[in-house]
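Nothing in this text is a laboratory measurement; each read-out follows from the coordinates by a stated rule. A quick note: this is a predicted structure, and the numbers were derived from the prediction, not measured. Positions of Cβ are backbone-derived with ideal geometry, glycine not excepted, and every protein chain shown enters the neighbour counts.
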Amino acid sequence: MKKVLRYKYPIEYELDPTEIEKGTNWVTLKLKNIGSETLENLDVQLHSVDTYNLSVHGTWWFGAGQHIAELGPNKERELAFRVNAIGSAEAYATIKGRKDGKYFWWESSWTNIHVSDDKAEIGSLLVLSNPYTTIGKTISAEATIKGLRKNGGLKLEFWVEDPSGKNEQQATIDIKDLPVGEEARYSAEFTPKDTGYYKIYAYLYDGWVRIGYKTETIYARKQ
C-alpha cells in the first residue's frame, strides 16, 4: 500500500505500515517539526476511531501515550505503538504540549489502517440530498462497496437514528459476489418525519462479523 506523507502545521507525519495482519502489530508514527519554533513537553497519543476493529495499546512500557521532551525545527522522531486488529479502521494522532511558552493542541486527520484479509470495504456513504432536507420528503442513502479479495457471504445494512434517538433498520442487502478491485453501489430510502438531525449508518458484514461502517448526518426541517 502506498505510503502517504501528510501535513498539518507545524507537523509533517506518517503512519507506517497502513496495511497489517489480524492480531497484534506494531505501527510507527513518524513526526517532523516543519515550523520555526521548538515544540516542548509533547504528549503524543494514537487513537482508533473504531475501537471494536482496532485497539491501541502503545508500547509495552508506556501505555497508549508517549512523551517527547523537545522537538526542534526540522527535527524528526519515530514512535512505536502496539495495536490489535480484527478489522480495518481509521486512526489518528494527537499532541498536546508547549510552543513559544504557550500550551497548544494538535490533531491529525484520519489514516485508514487496512487489515489485509478483509474481503471488501465501504468506500463512501452519501446521502443523495443537500445537508438539509424537508420533513416528508423521501431521500436516498448510497454506499459504495469495493471488493478487495475473493468474496461471498457479504451483507450490507442501512440504519437510521431519528432525532429522538430511535434506531430503525431501513434495508438489508446480500452481496453475492463482488469482483476484486471493482466497486458497486447500493442504496436505501427513508422519509424523515420530525424536525432535527438524522444519523445514517451503513454496516458491512462478512457473515456475522462487521468489517466496516460509515456514517452520515442530515438535518430535516419543515418546509
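Averaged over residues, the count of other Cβ atoms within 10 Å places the peptides 155-162, 32-39, 94-101 in the sequence 155-162, 32-39, 94-101, highest first. Taking 18 Å as the straight-line reach from the Cα of LYS193, the aspartates and glutamates in range (excluding those fewer than 8 positions away in the same chain) are GLU161, ASP162, GLU168, GLU216. State the label only: which of (1) 16.4, 49; (2) 20.6, 59; (3) 28.8, 91 corresponds to Rg and Dmax of the Cα atoms in Å computed from the shown model? Correct label is (2). Sorted fewest first by neighbouring Cβ atoms within 10 angstrom, VAL49, VAL209, VAL44 come out as VAL209, VAL49, VAL44.
Dipole orientation for the chain: of the candidates GLY147, TYR52, GLN169, GLN169 has the Cα lying most toward the positive pole (charges on Cβ; Lys, Arg +1; Asp, Glu -1).
Straight-line reach from LYS150: which lysines have a Cα under 18 Å away, not including same-chain ones fewer than 8 places off? Answer for LYS150, where 18 Å is the Cα cut-off: LYS22, LYS119, LYS176, listed by chain and number.
Sorted on the mean count of surrounding Cβ atoms within 10 Å across their residues, most packed first, peptides 85-93, 190-198 read 85-93, 190-198.
Taken along its principal axes, the alpha carbon cloud of the range 6-115 reaches lengths of 41, 27, 19 Å, longest axis first. Taking other C-beta atoms within 10 Å as the exposure proxy, LEU29, LEU128 rank LEU128, LEU29 from fewest upward.
The reciprocal of the average 1/r between distinct C-alpha atoms defines the Kirkwood hydrodynamic radius, which for the range 107-223 equals 15.1 Å. In the range 84-134, Cα pairs under 8 Å separated by at least six residues give a relative contact order of 35 percent.
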